[in-house]
Amino acid sequence: MAKLWDARFSKAENGRVNDFNSSISFDSRLFREDIAGSIAHATMLGRCGIIEVAEAEKIVDGLGGILRDLESGALTIDPEAEDIHMFVEEVLTKRIGDTGKRLHTARSRNDQVALDIRLYLRREIGEIRALLKELLKTLTDIAEQNADAVMPGYTHLQRAQPVTFGHYMLAYAQMFLRDTERLGQIYDRTNISPLGSGALASTTYPIDRALVAELLAMDGVTENSMDGVSDRDFLAELIFALSLVMTHLSRFSEEIILWCSSEFSFIELDDAFSTGSSIMPQKKNPDIAELVRGKTGRVYGDLTTILTALKGIPLAYNKDMQEDKEAVFDAIDTAKLCIELFTAMIGSMTVKTARLREAASGGFINATDCADYLVKKGLPFRDAYRVSGRLVAYCIENKTDFESLPLDVYRNFSPLFDEGIYDAVNLDNCVNRRTVYGGPSHDSVMRQIALVRSKIG
Ligand code: ARG
């Protein structure tokens, strides 16, 4: 295809340069946004008297036809085109003739692509937030079913203090809630129109930037034309937000992988979300969780790609910026897939509550509660802590635990012990007396569930 800029050049482009320069193989996914942006631009050109209203209408109709044909498959994208913007404009001119050539009045591909990517990310952010809400809904359902399922909480992967499986799920819910909110803030910074920035110095035509923004349901227009065409902060922020989503999913995946090992055996994954081994007939592997953990690295790679691509480019547009797309598309595709599969995986898992309680019973996770009991009897915490520590050592040596230790043995360690100690070290009590705001008690878990649900609407 002859190049648009043939007039200025005396030689045709080198074939490999053409391929190297082209972005159509990946930016064709912007076709809807490109057409929507062009429809808004042409409408504005007509209303501002920059082109005839009839011409604007012809352009809008032509673009509508291209959209329909691309959606239906009647029109296929030419892999030889330089990018989606050139392709749409070329098809338009072919279809409606010279009027098509008026579309690019008062516009550059630089502000055009900046608009398209903002519109595209706006849509994707909406979809990602919807997927996160599904995940949050699933988490609150699991939390509700397991609000009283006592289990050990860990620090250093050593049994620490009793919590419930419900409380555990809600810790992750908080992370995904923050992710959802963060994405909402990024949406707000993304949904601003750069159109009218032109190549970098805006334009001399009497355009109406606010009208274009309004037609596209955007919340405003960018403030500086040079920033308008070269800002990709919203895109970098999005990949960062997705990196953090992946961090959360990856930590959770690590727990899932541990929990379905025979050593923990806290959960069982549904067969539909597990895989077998080609050689070991007994195996049931948590591949989904492992892949989510593995794909986290990919998204971090995308973040590094965009930050590195941006860090050395002078104002305003430079072709380096074309590299933003594959990175952000990959981050979006990967994160969406992971959120969706992870949600289905945990939504179908079985929580082994008896086994959770067994693990909670074996590790002296009520030792702090034993110390707190003595504190309530008047002993300073540091002294109580030592008594409880000596009791743990005694129990380990004698292969017993706080729940089974006879009262006279307790009293050998401190005369402050009485029958009330059994009530104090009872695991359900240990959990339910942690009524502090944000704690694991039944009521606190229920309050957290209600809060998360109210936020996801
Ligand atoms: N394909 C280009 C990109 O993705 C579009 C903008 C091209 N602008 C230019 N001045 N060459 O960034």
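The values are calculated or read from the model by the stated rules, or taken from the named source; none is laboratory data. Treat the numbers as computed from the prediction; the structure is a model and nothing was measured. Here Cβ is always computed from backbone atoms with ideal geometry, including for glycine, and neighbour counts include all displayed protein chains. Surface accessibility is based on the protein's heavy atoms, side chains included, excluding ligands, DNA and RNA. Shrake-Rupley method; radii C 1.70, N 1.55, O 1.52, S 1.80 Å.
A cut-off of 5 Å between modelled amide H atoms, ignoring neighbours fewer than 5 places along the same chain, links Val221 with Ser193.
When the alpha carbon coordinates of segment 166-235 are projected onto the principal axes, the ranges are 61, 23, 12 Å, largest first.
The calculated Kirkwood hydrodynamic radius for the chain is 26.3 Å, given to one decimal from all distinct C-alpha pairs.
Ranking Ser274, Val60, Phe165 by how far each Cα lies toward the positive end of the dipole of the chain (charges on Cβ) leaves Phe165 at the top.
Students often forget the sequence filter, so: which aspartates and glutamates lie under 15 Å Cα-Cα from Lys101 once same-chain residues fewer than 8 apart are removed? In chain and number order, the partners are Glu52, Glu55, Glu57, Asp61, Glu89, Glu90.
Per-residue 3J(HN,Hα) values for segment 300-307, derived from phi via the Karplus relation 6.51 cos²θ - 1.76 cosθ + 1.60 with θ = phi - 60°, read 4, x, 5, 5, 5, 4, 6, 5 Hz in sequence order (x marks Gly and Pro). How many angstrom lie between the Cα centre of segment 176-193 and the Cα centre of segment 311-331? Between the Cα centre of segment 176-193 and that of segment 311-331, the gap is 20 Å.
What is the extension gain from Glu403 to Glu57, computed as 0.36 nm multiplied by their sequence separation minus the C-alpha to C-alpha distance, in nm to one decimal?
Working: separation 346, 0.36 × 346 = 124.56 nm, distance 8.14 nm.
Taking 0.36 nm per residue and subtracting the Cα distance, the gain is 116.4 nm.
In this model, which of Lys284/Lys325; Lys3/Lys325; Lys11/Lys58; Lys295/Lys325 are farther than 30 Å apart at the alpha-carbon? Mind showing how you got there, number by number?
Details: Lys284/Lys325 38 Å; Lys3/Lys325 23 Å; Lys11/Lys58 35 Å; Lys295/Lys325 18 Å.
Beyond 30 Å: Lys284/Lys325; Lys11/Lys58.
The residues of the chain have, on average, 47 Å² of accessible surface per residue, using a 1.4 Å probe with all protein chains present. Projecting label points 7 angstrom from Cα along Cα→Cβ for Ala199 and Ala217 puts them 3.5 nm apart.
Which loop-located GluC sites (Glu not before Pro) does segment 356-457 contain, where loop means any DSSP state but H, G, I, E or B and the Cβ has at most 11 other Cβ atoms within 10 Å?
Loop-located and lightly packed - Glu419.
Each peptide among 55-68, 190-203 gets the average number of other Cβ atoms lying within 10 Å of its residues, and from highest to lowest they stand as 190-203, 55-68. Put simply, the amide H of Val163, placed in the peptide plane, has neighbours under 5 Å in Met151, Gly153, leaving out anything fewer than 5 places away on its chain. Using only side-chain charges placed at the Cβ, +1 for Lys and Arg and -1 for Asp and Glu, the dipole size of the chain relative to its Cα centre rounds to 780 debye.
In whole percent, how big is the carbon plus sulfur part of the accessible area of the chain, probe 1.4 Å, protein atoms only? With neighbouring chains kept in place, the figure for the chain is 52 percent. A straight Cα-to-Cα reach below 30 Å connects Lys377 with the lysines Lys399, residues fewer than 8 places away in its own chain not being considered. Taking amide hydrogens as placed 1.01 Å from N in the peptide plane, the amide H of Thr275 sits under 5 Å from those of Asn285, Asp287, each at least 5 positions away in sequence or on another chain. Subtracting the Cα-Cα distance of Ser277 and Glu13 from 0.36 nm times their residue separation leaves 89.8 nm of extension gain.
Of Asp219, Asp324, Asp418, which has the most accessible area and how do the rest follow, probe 1.4 Å? Each step should come with its number before you reach the end.
Numbers: Asp219 105, Asp324 5, Asp418 60 Å².
My answer, sorted largest first, is Asp219, Asp418, Asp324.
In the chain, the longest principal axis of the Cα atoms and the axis of helix 367-376 are about 70 degrees apart.
Do you know the relative contact order of segment 1-147, to the nearest whole percent, from alpha carbon pairs under 8 angstrom that are 6+ apart? Answer for segment 1-147 is 27 percent.
In degrees between 0 and 90, to the nearest 10, how far off the longest principal axis of the chain does helix 53-72 point, with axes built from Cα atoms? The answer is roughly 50 degrees. Dipole of segment 187-342 computed with +1 at Lys/Arg Cβ and -1 at Asp/Glu Cβ about the Cα centre; of Ile207, Phe240, Pro194, farthest Cα towards the positive end is Phe240. Couplings for segment 344-359, taken from phi via the Karplus curve 6.51 cos²θ - 1.76 cosθ + 1.60 with θ = phi - 60°, read 5, 5, 6, x, 10, 7, 9, 9, 8, 5, 5, 5, 4, 5, 4, 5 Hz in order; Gly and Pro are left as x. If you sort the three axes of the alpha carbon gyration tensor as a ≥ b ≥ c, you get a/c of 1.5 or more for segment 74-115 and a/b no higher than b/c, which makes it oblate. Here segment 117-148 and segment 343-407 have alpha carbon centers that stand 35 Å from each other. In terms of packing, defined here as the mean over residues of other Cβ atoms within 10 angstrom, the peptides 74-82, 338-346 line up highest first as 338-346, 74-82.
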